[in-house]
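This report refers to the structure that appears directly beneath it.
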Amino acid sequence: MKMRNKVIIVGGGISGLATAHRFCELQRGGSRPLEITILEAKPRLGGVIETWNKDGFLMEGGPDSFISEKPAAQELSARLGIASEILDTNDKLRRSFIYKKGKLIAVPEGFYLIAPSQIRAFLMTPLLGLMTKLRMGCELFIPRRKTLGDESVAGFVRRRFGETLLKQVAQPMIGGIYTADPEHLSLGATMPQFQELERRYGSVIRGLLSRRKQRSKHAAQTASGPRYSLFLSFRGGMETLTRAVRDHLPGVRVKISSEVTGIHRGSEGWNVTTRSGEFFEADALCLALTAHHAVPLLSGVAPELSRELQGIPYESVATVNLAYHRADIPHPLNGFGFVVPAFAQRRIVACSFSSVKFHGRAPEGKVLLRAFVGGALHREVYALDDQAMEQAVREELRHYLGVEKAPFFSFVRRYPHTMPQYQVGHTELVNKIRGKLAAFPGLYLAGNAFRGIGVPDCVKWAETTAESMHQFFEKGDSPFKDVRETVPLKG
Ligand SMILES: Cc1cc2nc3c(=O)[nH]c(=O)nc-3n(C[C@H](O)[C@H](O)[C@H](O)COP(=O)(O)OP(=O)(O)OC[C@H]3O[C@@H](n4cnc5c(N)ncnc54)[C@H](O)[C@@H]3O)c2cc1C
């Protein structure tokens with residue numbers, strides 16, 4: 001048998017890059033001479049992670065931050081030597097707003113996506129009416145769900161906290177993260193921590209209060225070392241991460257503008273062809289792509305696997321960065337931004353006050369705002385052309401923030417079919433995909449379609465994939481290692 005030594009990774013977003021990086025780390029010092037190639041369709045690496053600098057502004061097209069609760073991105077940064085570049089949010093204004101009846105109202109302190117963990121702040125907030133607060137209080141007495149199995153986020157919130165909380169708070173807060181319709185969004189795949197709280201404490205609120213107590217006790221005992229805020233970025237923007245990974249891939253061949261158009265099984269591995277007619281052989285092949293990009297590549301060689309991947313739908317989103325003089329915005333901008341409930345029938349999903357959230361995003365006296373547009377509940381806004389989309393966003397900002405003046409520049413960036421929708425039953429579907437994949441030794445799947453869409457989720461999954469690939473080369477082990485579900489509890 002010939003010696004296995006060729007790896008191809010298709011896709012140069014954070015998933016493909018982190019897979020390559022972890023694989024290189026694991027191979028370091030090994031005696032086997034490996035050939036690792038990344039093939040990326042676009043003329044740049046990074047995928048949806050894109051940062052631009054213009055006239056002293058620092059703008060993000062895709063993700064503008066990552067959460068500190070899931071440590072994979074921070075741990076990777078530390079190994080890359082860029083931990084000192086990590087940027088905390090502005091600690092004086094750590095709060096955000098929800099749109100309600102023409103006003104932006106602060107999310108009460110300690111409110112965790114669907115439930116409060118600080119009773120006083122919850123009771124005092126004008127965000128929720130008395131009846132909604134009373135209904136939410138009943139959550140403490142609502143019995144656990146008897147049946148096991150997945151349910152929709154909307155079903156869960158409605159059952160435990162009532163319709164109004166779902167419409168006014170849970171939908172916009174969750175919608176801002178997943179750009180999904182909560183009626184279809186899988187609770188088990190996106191927020192298993194709430195399922196767990198219900199199961200363990202019989203009530204989400206009771207569980208959050210109890211965990212908060214435990215955490216403050218623990219914090220008091222271990223009050224040392226740096227404490228990060230929930231959201232983090234890098235001084236130089238999110239591209240700092242993908243650039244640093246790229247700079248730490250010794251010996252890896254990176255081919256940009258190389259769209260993979262065909263995958264075939266060779267006599268001893270995988271054959272890969274690109275649109276420009278290049279041909280590559282691989283012992284291990286990792287597709288670090290959105291599921292819908294992997295579907296046509298696998299349809300000939302693994303039709304059943306390809307069909308299962310088709311079951312993961314995607315939504316399109318856009319961001320609009322707008323640069324203003326501070327004096328042109330009447331609103332105090334005393335927070336990180338706001339989200340808008342879909343039932344209000346407005347045209348943006350959310351808006352970040354980017355230069356308030358993170359230092360260094362705008363020059364002195366200027367402000368950078370970033371609107372989030374599209375997703376499952378606002379497809380009609382994504383369908384507008386760039387000019388109409390910018391106009392729609394400006395009209396929205398006039399409504400929320402009183403901005404009459406035009407921005408001195410704006411920047412529309414589109415991400416078609418990039419947001420996977422983890423629908424009810426997603427975890428089962430991923431297990432099915434894993435089962436089908438097991439029939440193809442040397443074939444791997446990374447990317448945001450499976451175990452989480454955030455940057456830390458993608459890094460973690462990519463690193464797990466690299467570890468499986470490493471085992472494949474070392475021992476010829478099964479290519480799709482069973483991975484523990486690790487979505488830590490927040491709040
Ligand atoms: C607008 C937006 C905002 C977001 N905000 C946040 C946030 O604030 N925090 C957070 O944690 N996450 C956020 N996310 C989610 C997160 O950024 C993504 O899930 C993650 O970056 C996806 O990385 P990836 O490498 O899996 O996929 P991608 O970045 O999509 O990379 C896949 C790559 O594969 C390439 N490719 C496709 N087909 C082929 C082919 N046939 N041959 C070769 N190459 C191919 C593509 O060109 C692309 O470069 C956001 C996403 C978007 C779009």
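Go through (1) without any contact (Cβ under 8 Å) to a residue 40 or more places away in the chain; (2) in contact with a helix residue (DSSP H, G or I) (Cβ under 7 Å, 6 or more places away or on another chain) for residue 78 and report which single condition fails.
If we test residue 78 against (1) without any contact (Cβ under 8 Å) to a residue 40 or more places away in the chain; (2) in contact with a helix residue (DSSP H, G or I) (Cβ under 7 Å, 6 or more places away or on another chain), just (2) comes out false.
Residue-by-condition table, conditions (1) more than 9 Å from the ligand (Cβ to nearest atom); (2) outside any helix (DSSP H, G or I); (3) among the aliphatic types (A, V, I, L, M); (4) buried (at least 17 other Cβ atoms within 10 Å of the Cβ):
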residue: 58; (1), (2), (3), (4): yes, yes, yes, yes
residue: 74; (1), (2), (3), (4): yes, no, no, yes
residue: 77; (1), (2), (3), (4): yes, no, no, yes
residue: 109; (1), (2), (3), (4): yes, yes, no, no
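Among residues belonging to segment 27-56 that are crowded, with 21+ Cβ neighbours inside 10 Å and part of a strand (DSSP E or B), point out the one that is nearest to the ligand (Cβ to nearest atom).
39
Residues are listed down the side, and each one gets a yes or a no for (1) surrounded by fewer than 23 Cβ atoms within 10 Å (Cβ to Cβ); (2) more than 21 Å from residue 100 (Cα to Cα); (3) out of contact with any helix residue (DSSP H, G or I) (no Cβ under 7 Å at 6 or more places or on another chain); (4) in contact (Cβ under 8 Å) with a residue 24 or more places away in the chain:
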| site | (1), (2), (3), (4) |
| --- | --- |
| 124 | yes, no, yes, no |
| 134 | yes, no, yes, no |
| 150 | yes, yes, no, yes |
| 157 | no, no, no, yes |
| 164 | yes, no, no, yes |
| 179 | no, no, yes, yes |
| 206 | yes, yes, no, yes |
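Considering only residues that are aliphatic (A, V, I, L, M), within 30 Å of residue 411 (Cβ to Cβ) and away from the ligand (no atom under 11 Å from the Cβ), look in segment 285-327 and name the one that is farthest from the chain's Cα centre (by Cα).
Among them, the one singled out is 327.
Search segment 266-284 for residues being of a type in the set (Asp, Glu) and away from the ligand (no atom under 14 Å from the Cβ), and hand back the single one that is farthest from residue 19 (Cα to Cα). Steps first, answer last, please.
If we filter segment 266-284 for residues that are of a type in the set (Asp, Glu), which is where we start, we get 268, 278, 281, 283.
Among the residues that remain, those that are also away from the ligand (no atom under 14 Å from the Cβ) are: 268, 281, 283.
Numbers: 268: 22, 281: 18, 283: 16 Å.
Per the stated criteria, the residue is 268.
For residue 84, state whether it is of a type in the set (Gly, Ala, Ser) and modelled with pLDDT of 90 or more. Spell out how you get there, then give the answer.
Details: of a type in the set (Gly, Ala, Ser): yes; modelled with pLDDT of 90 or more: yes.
Taking the combined requirement at face value, the residue satisfies it.
Could you say which residue among 105, 98 is part of a strand (DSSP E or B), surrounded by fewer than 19 Cβ atoms within 10 Å (Cβ to Cβ), in contact with a strand residue (DSSP E or B) (Cβ under 7 Å, 6 or more places away or on another chain) and modelled with pLDDT of 95 or more?
105
The values are calculated or read from the model by the stated rules, or taken from the named source; none is laboratory data. Predicted model, so just to flag it, every value in this text is computed and none were measured. Cβ coordinates were reconstructed from backbone atoms using ideal geometry, including for glycine residues, and neighbour counts include every protein chain displayed.
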